[in-house]
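The values are calculated or read from the model by the stated rules, or taken from the named source; none is laboratory data. The structure displayed is predicted, hence computed values, not measured ones. Every residue, glycine among them, receives a Cβ derived from its backbone with ideal geometry; neighbour counts consider all protein chains shown.
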Amino acid sequence: MDLSRIHALGDRDRTLAALLDIVGDSHVVAIGEGAHFVAEYWQCRRHLVELLHRHAGFQLVAMEFGVGEALQLTSWLSGDAGDDGDADLSSISPAAVEWGAGDTMVWLRHFNAAAAARGVPPLRFAGIDLPSAGGAFTPALTPLETYLHDCDPELASTLDDVRAITGVVEGGSGVSAARRWSELDQSTRDAAIAGLARIVLRMTALRQRYETRDAGRDHRTALLLGHSALATAYMLQATAEAVAGDGMPLDSSVRERFLADAVLALRETGDDKVVVLAHNNHVQKTPVVFAGTTYTLPMGSYLAGTLGDDYRVIAQTTTDDHVPDMVLDPAGSVGFRVIDAQLPEPAAGTFEHALLTAAAAQQPTLTDVRPCPKYAPPQGLRSQSAVVDTDVSAAFDAVVNHPRVTRQPDVHF
């Protein structure tokens with residue numbers, strides 16, 4: 001490993017110079033995480049987002065968070081909702097608090113208040129994911145219903161029929177919702193998917209008419225809400241089929257395609273520079289492969305295919321001997337629980353092994369992993385408590401390593 005490409009995060013000036021070199025002139029930068037619910041990963045993201053805002057002109061944070069759920073946070077994040085302050089977040093967005101994004105939302109609110117006091121543009125926020133990561137329909141269908149009431153009331157009965165079915169599926173996560181979906185008979189599932197497909201196809205066909213009828217509405221977001229509900233139904237059906245033993249490979253790519261389309265839609269509306277926050281396996285540019293099996297084509301592969309060098313990726317990992325991970329728990333409120341998983345020594349050839357071999361894992365670092373003719377690229381990176389098989393230089397542009405990681409204290413699954 002080229003030691004000159006490893007930068008201590010504690011050296012702010014050197015980190016900033018390296019970060020700006022890695023980002024270059026790109027307009028979409030993704031900052032990943034090697035596992036969910038890790039406090040250090042969130043802290044680092046906030047630090048890097050602030051640097052990108054102040055020094056590279058990035059003004060929108062697009063997160064692995066539901067499109068509909070994010071709409072509920074708009075006024076609160078700007079501090080102009082007449083609310084009671086930070087404590088109100090749990091009532092405005094329970095999902096943000098329960099799923100570990102609460103501290104970042106509070107940070108973003110305070111950051112914007114300080115930006116307003118300095119007279120500089122705020123950091124806007126958008127969700128790019130399915131409702132409850134594919135575990136619910138209501139966060140998408142409720143605002144969609146309001147939109148259709150004004151723009152296409154003829155779809156009201158179709159939406160009512162869909163909601164009568166999806167209302168019984170709502171779960172705390174995709175895991176619990178998939179279990180409830182599988183309990184429905186196939187004709188009921190088909191009716192929900194057909195109804196959502198009809199809504200989305202009609203909205204797509206009539207978008208120009210909607211825009212003529214009401215130019216002031218956010219038609220792009222409304223269509224994303226429809227697509228998010230349809231993709232959720234598809235993912236639940238795919239999970240049910242996989243459990244039954246007759247699923248199709250790469251079905252999870254449907255969610256990934258939606259994530260990518262949501263980011264690209266933000267770019268279409270003039271949001272010039274976007275920071276994307278999502279798991280490493282969502283943002284990587286290469287297929288997601290574990291133990292030789294390809295599981296999905298990630299959001300990052302679609303973004304790289306469309307944007308080319310205008311898309312850059314910074315992953316996060318750890319050389320610690322443990323990491324928070326998720327295990328299935330049917331009795332739990334969300335269908336899984338978070339455990340402290342012990343990690344084996346990094347295998348030869350992985351990024352973590354290379355960093356340890358170079359004696360560069362004692363402090364948090366930012367490593368430029370773009371192709372270098374003098375060194376062969378690492379061929380693996382930790383993901384949750386496993387290792388994703390990939391050419392690290394092809395998948396990412398940089399990797400942040402944390403020598404120690406801890407579970408977020410506000411996550412109680």
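Observations
- Leading residue by the ranking (farthest from the chain's Cα centre (by Cα)) among those in the range 18-63 that are charged (D, E, K, R) and more than 20 Å from residue 285 (Cα to Cα): 54
- Count - residues of the range 230-247 that are under 19 Å from the mean Cα position of the chain (by Cα) and under 16 Å from residue 185 (Cα atoms): 3
- Residue within the range 116-137 that is farther than 23 Å from residue 38 by Cα, out of contact with any helix residue (DSSP H, G or I) (no Cβ under 9 Å at 6 or more places or on another chain), in the same structural domain as residue 278 (by TED's automatic domain parsing) and in a helix (DSSP H, G or I) present: yes
- Residue 351 vs. criteria over 14 Å from residue 318 (Cβ atoms), buried (at least 21 other Cβ atoms within 10 Å of the Cβ) and among the aromatic types (Phe, Trp, Tyr): no
- Verdict on residue 62 being free of Cβ contacts under 8 Å to residues at least 24 places away in the same chain and assigned by TED's automatic domain parsing to the domain that holds residue 337: no
- Residue match in the range 17-31 (condition: surrounded by fewer than 23 Cβ atoms within 10 Å (Cβ to Cβ), in contact with a strand residue (DSSP E or B) (Cβ under 9 Å, 6 or more places away or on another chain) and free of Cβ contacts under 8 Å to residues at least 60 places away in the same chain): yes
- All positions within the range 382-398 that are assigned to a loop (DSSP other than H, G, I, E, B) and either free of Cβ contacts under 8 Å to residues at least 24 places away in the same chain or touching a Lys or Arg at 6+ places or on another chain (Cβ under 8 Å) (or both): 396, 397
- Number of the exception - residue 281 against (1) over 30 Å from residue 44 (Cα atoms); (2) crowded, with 23+ Cβ neighbours inside 10 Å: (1)
- Note on the range 189-215: residues that are touching a residue at least 24 places away in the same chain (Cβ under 8 Å) and either touching a Leu at 6+ places or on another chain (Cβ under 7 Å) or part of a helix (DSSP H, G or I) (or both) total 14.
- Hits in the range 32-73 (condition: within 19 Å of residue 121 (Cα to Cα), assigned to a helix (DSSP H, G or I), touching a strand residue (DSSP E or B) at 6+ places or on another chain (Cβ under 9 Å) and not small (Gly, Ala, Ser)): 48, 49, 52, 53
- Residue count for the range 167-188 under the criterion of being more than 30 Å from residue 338 (Cβ to Cβ) and either at pLDDT below 95 or part of a helix (DSSP H, G or I) (or both): the result is 3.
- So residue 224, is it in contact with a strand residue (DSSP E or B) (Cβ under 9 Å, 6 or more places away or on another chain), in the same structural domain as residue 148 (by TED's automatic domain parsing), under 25 Å from residue 194 (Cβ atoms) and not small (Gly, Ala, Ser): yes
- Note on the range 281-337: residues that are modelled with pLDDT of 95 or more and closer than 23 Å to residue 409 by Cα amount to 11.
- Residue in the range 403-412 that is in a strand (DSSP E or B) and not assigned by TED's automatic domain parsing to the domain that holds residue 282 present: yes
- Taken together, 136, 95, 116, 140 contain a single residue that is within 17 Å of the chain's Cα centre (by Cα) and more than 30 Å from residue 207 (Cα to Cα), which is 95.
- Figure legend. Inter-residue proximity from the range 160-187: first residues polar (S, T, N, Q), second residues in a helix (DSSP H, G or I) and surrounded by fewer than 13 Cβ atoms within 10 Å (Cβ to Cβ), beta-carbon distance below 9 Å, spacing 6+ or different chains. Indicated pairs: 182/243; 182/244.
- Residues that are surrounded by fewer than 17 Cβ atoms within 10 Å (Cβ to Cβ) and modelled with pLDDT under 95, drawn from the range 234-274: 241, 242, 243, 244, 245, 246, 247, 268, 269, 270, 272
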